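Novice: Handing you this structure, nothing more for now.
The values are calculated or read from the model by the stated rules, or taken from the named source; none is laboratory data. All values derive from a computational prediction rather than experimental measurement. Note: ideal-geometry Cβ built from the backbone for every residue, glycine included; neighbour counts use all protein chains shown. Areas reflect the complete protein model, heavy atoms only, side chains present, ligands, DNA and RNA absent. Shrake-Rupley method; radii C 1.70, N 1.55, O 1.52, S 1.80 Å.
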Amino acid sequence: MAPILLLLSAICHLIVIVGLTLRPTDFLIGTEPQLSFNRTDLHSASLDFGKMTSIEPTAVLHPSSAADVAKIIKLAYESGHGFVVSARGHGHSINGQSQAANGVVVQMSGSSGAPVAPVVSEKLMYVDVWGGELWIDVLKSTLQYGLAPKSWTDYLYLSVGGTLSNAGISGQAFNHGPQISNVHEVDVVTGKGEVVTCAENKNSELFHAVMGGLGQFGIITRARIALEASPQRVRWIRVLYSNFSVFTHDQEYLISLHGQPSSKKFDYVEGFVIVDEGLINNWRSSFFSPSNPVKISSIADGGNVLYCLEITKNYYNHSDPQSVDQEVDALLEKLNYIPASVFTTDLPYVEFLDRVHKAELKLRSKGLWDVPHPWLNLFVPKSRIADFDQGVFKGILGNKTSGPILIYPMNKNKWDVETSVVTPNEEVFYLVALLRSALQNGDEALTLERLSDENRQILKFCKDEKIEIKQYLPHYTTQEEWMDHYGEKWPQFYKRKMEFDPRHILATGQRIFEPSFISKMKSW
Ligand code: FAD
């Protein structure tokens, strides 16, 4: 009896040792031709735009169809050990949201292009695109038909699935809503490996869950995006303010015109804060220079903060230039900006939409693109935006910000409350985006530690002052914080997770749910 027990104990010991040294995905080696274990692939899947966290997956899947995505998720869902799976679009997250520790990253956007080409319906004014398609390529394909999506992000080198998993916002959102309000239907591979087509009126629970769902409920493999006739040109205008309440009054007035005919409203309303003398002529503001260099001190009314309203009017080749001027003038007349601070430029629509890429190339050439980005994006209720101005722009930030600070209001009624996104409980709320780059150039004010600390101070300020902000592109590290973020939407969010990804396989880089097999994994 004793030798048998000894043998059994030795076998158990061996199983434990082997069990611990094997990674849950090791059994995948050699099973799928699209799976890569190549070091370069693993390394690039471990990185993101934020450059603040890096976790390598065990493998990277380069899918050539939704069926490939379904196969890997089904394997993860059904395997005894379990492993996590994260979609990665263009990897432009800040805090490792598309990383997959000890799991598989599904590389949805690739250098070799989407596996499925966009299909445009001219008649029904939509385009069907692969979930990893970049918005720049969506635009290029629809322009061939004289059409374009209605709602944008400021930067187009982001994937369709990546922005729809957040919301997708820019200066058109006041009018058309975020990108998630402009999607007819999507194909989704759920956390059980099922491919489901869903829309507002078909499998609507899953449709609403994935819109702004942070990748928690499924991987979007196809999206049907609403189109409009594409304008050909844009009148792009910037005007300056030294008084915050006049600035926000004008912004709010402009977005209140959303229901008006297009001749009586602007097509895009954004704005930014200038707290840094250098910034007015910076990359987002190249607009002002070199022909129009602006010195803050010459116009800032004694203070050191200026606000810039940014608006555009789209027009067509067939538009009468005189009537475009008249429409713009009639709208500007209603605003109370600093007289003589009107900066106007006129450019092709595509150049306007792709404006940030131009800035990217400039920053890349100076080695200033691939640096850590401790970004903070907040939705601030309209009723507290003045307090935010006092406490943050005129308080915590000092006079160095290390990047653009965007500020613009949106209309809540353009957001579908059934989706997973949470926004403040007011009819109008602002996006405040602190888009910072940390530098190691000897300037203490620009280090990653300093900027991250400032972000914490801003969040603390809002908490102490009871400003009910919501983070956009949210980042939390505990489930309690996530529950707080979702507030009354948490039970619905949780229920949807249990239904569509019951083993918590998907998008664990968001750190909302622990995988159900966590105890078997070395790290999460
Ligand atoms: P990734 O970083 O690859 O993924 C983000 C998250 O989405 C991950 O959790 C991932 O698992 C999940 N995901 C990715 N693809 C899919 C899919 N197909 N199905 C389901 N889940 C998926 N946002 C705006 O709204 N407006 C802006 O103007 C804007 N400008 C930006 C400018 C820059 C320079 C950068 C870096 C970001 C900007 N963003 C903006 C934020 C951007 O929308 C998000 O970071 C978005 O997630 C990036 O898309 P991505 O393809 O890089 O996603």
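Novice: Please go through the stretch 354-400 and pick out each residue that is of a type in the set (Phe, Trp, Tyr) and within 30 Å of Val428 (Cβ to Cβ).
Specialist: Within the stretch 354-400, Trp375, Phe379, Phe388, Phe393 qualify.
Novice: Among the hydroxyl-bearing types (Ser, Thr, Tyr), open to solvent by 10 Å² or more (accessible area, probe 1.4 Å) and touching a helix residue (DSSP H, G or I) at 6+ places or on another chain (Cβ under 7 Å) - does that describe any residue in the stretch 192-207? Explain how you work it out, then say what you get.
Specialist: Going residue by residue through the stretch 192-207, those that are among the hydroxyl-bearing types (Ser, Thr, Tyr) are 197, 204.
Checking the rest, the ones that are also open to solvent by 10 Å² or more (accessible area, probe 1.4 Å) come to 197, 204.
In the following step, the residues that additionally are touching a helix residue (DSSP H, G or I) at 6+ places or on another chain (Cβ under 7 Å) were identified as none.
No, the conditions are met nowhere in the stretch 192-207.
Novice: Let me confirm something: among Gly171, Gly177, which residue is within 10 Å of the ligand (Cβ to nearest atom), within 17 Å of the chain's Cα centre (by Cα) and farther than 20 Å from Ser98 by Cα?
Specialist: Gly171
Novice: Being touching a residue at least 60 places away in the same chain (Cβ under 8 Å) and either open to solvent by less than 10 Å² (accessible area, probe 1.4 Å) or of a type in the set (S, T, N, Q) (or both) is the filter; apply it to the stretch 361-375 and report the residue that is farthest from the ligand (Cβ to nearest atom).
Specialist: Pro374
Novice: Looking at the stretch 377-402 only, could you name the residues that are open to solvent by 10 Å² or more (accessible area, probe 1.4 Å) and either in contact with a Lys or Arg (Cβ under 7 Å, 6 or more places away or on another chain) or within 16 Å of the ligand (Cβ to nearest atom) (or both)?
Specialist: Just the residues of the stretch 377-402 that are open to solvent by 10 Å² or more (accessible area, probe 1.4 Å), to begin with: 377, 382-384, 386-387, 390-391, 394-396, 398-400, 402.
Passing the criteria: Asn377, Ser402.
Novice: Another one. Test Val188 against the criterion of being within 16 Å of the ligand (Cβ to nearest atom) and either at pLDDT 95 or above or open to solvent by 20 Å² or more (accessible area, probe 1.4 Å) (or both), and give yes or no.
Specialist: Answer is yes for this residue.
Novice: Inspect all residues belonging to the stretch 313-321 and state whether any of them is in a strand (DSSP E or B), under 26 Å from Asp137 (Cα atoms) and among the hydroxyl-bearing types (Ser, Thr, Tyr).
Specialist: Yes, the stretch 313-321 contains at least one residue that is in a strand (DSSP E or B), under 26 Å from Asp137 (Cα atoms) and among the hydroxyl-bearing types (Ser, Thr, Tyr).
Novice: Which of the following residues is of a type outside the set (Ser, Thr, Tyr), at pLDDT 95 or above, touching a Gly at 6+ places or on another chain (Cβ under 6 Å) and within 18 Å of Cys462 (Cβ to Cβ): Ile385, Ile407?
Specialist: Just a single option satisfies the conditions, and that option is Ile407.
Novice: How many residues are part of a helix (DSSP H, G or I) and out of contact with any helix residue (DSSP H, G or I) (no Cβ under 8 Å at 6 or more places or on another chain) when one looks only at the stretch 338-350?
Specialist: Residues flagged as part of a helix (DSSP H, G or I) and out of contact with any helix residue (DSSP H, G or I) (no Cβ under 8 Å at 6 or more places or on another chain) within the stretch 338-350 amount to 1.
Novice: Which ones in the stretch 37-65 are of a type in the set (Gly, Ala, Ser) and over 23 Å from the mean Cα position of the chain (by Cα)?
Specialist: Those that are of a type in the set (Gly, Ala, Ser) and over 23 Å from the mean Cα position of the chain (by Cα): Ala59, Ser64, Ser65.
Novice: Give the residue that is surrounded by the most Cβ atoms within 10 Å (Cβ to Cβ), with candidates limited to residues of the stretch 403-439 that are without any contact (Cβ under 8 Å) to a residue 40 or more places away in the chain and assigned to a loop (DSSP other than H, G, I, E, B).
Specialist: Checked the stretch 403-439; the qualifying residue surrounded by the most Cβ atoms within 10 Å (Cβ to Cβ) is Gly403.
Novice: Among the listed residues Glu454, Glu480, Glu444, identify the single one that is surrounded by fewer than 19 Cβ atoms within 10 Å (Cβ to Cβ), modelled with pLDDT of 95 or more and not polar (S, T, N, Q).
Specialist: The unique qualifying residue is Glu480.
Novice: Give me a count of the residues in the stretch 64-86 that are within 13 Å of the ligand (Cβ to nearest atom) and touching a helix residue (DSSP H, G or I) at 6+ places or on another chain (Cβ under 6 Å).
Specialist: So the count comes out to 3.
Novice: Give me a count of the residues in the stretch 91-107 that are of a type outside the set (Val, Ile, Thr) and more than 8 Å from the ligand (Cβ to nearest atom).
Specialist: In the first step, residues of the stretch 91-107 are kept if they are of a type outside the set (Val, Ile, Thr); the result is 91-93, 95-103, 107.
Going one step further and asking which of them are more than 8 Å from the ligand (Cβ to nearest atom), we end up with 95-96, 99-103, 107.
Final tally of qualifying residues: 8.
Novice: Filter the stretch 166-184 for residues that are aliphatic (A, V, I, L, M) and open to solvent by less than 10 Å² (accessible area, probe 1.4 Å) and give the result.
Specialist: Result: Ala167, Ala173.
Table: residues versus (1) of a type in the set (Asp, Glu); (2) part of a strand (DSSP E or B); (3) over 14 Å from Glu499 (Cα atoms).
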residue	(1), (2), (3)
Asn166	no, no, yes
Gly171	no, no, yes
Glu185	yes, yes, yes
His208	no, no, no
Gly213	no, no, no
Leu227	no, yes, yes
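Novice: Which condition number in (1) open to solvent by 30 Å² or more (accessible area, probe 1.4 Å); (2) closer than 28 Å to Glu228 by Cα is the one that Lys74 fails?
Specialist: The number of the failed condition is (2).
Novice: Still on this structure, I have one more. Six or more apart or on different chains, Cβ atoms under 6 Å: show the pairs whose first residue is in the stretch 99-114 and open to solvent by 10 Å² or more (accessible area, probe 1.4 Å) and whose second is basic (Lys, Arg) and assigned to a strand (DSSP E or B).
Specialist: Gln107/Arg88
Novice: In the stretch 323-343, how many residues are within 16 Å of Ser262 (Cα to Cα) and either more than 32 Å from the chain's Cα centre (by Cα) or of a type in the set (Gly, Ala, Ser) (or both)? Working first, answer last.
Specialist: Kept after step one, since they are within 16 Å of Ser262 (Cα to Cα), are these residues of the stretch 323-343: 323-332.
Those still in the list that are either more than 32 Å from the chain's Cα centre (by Cα) or of a type in the set (Gly, Ala, Ser) (or both) too: 323-327, 329-330.
Count: 7.
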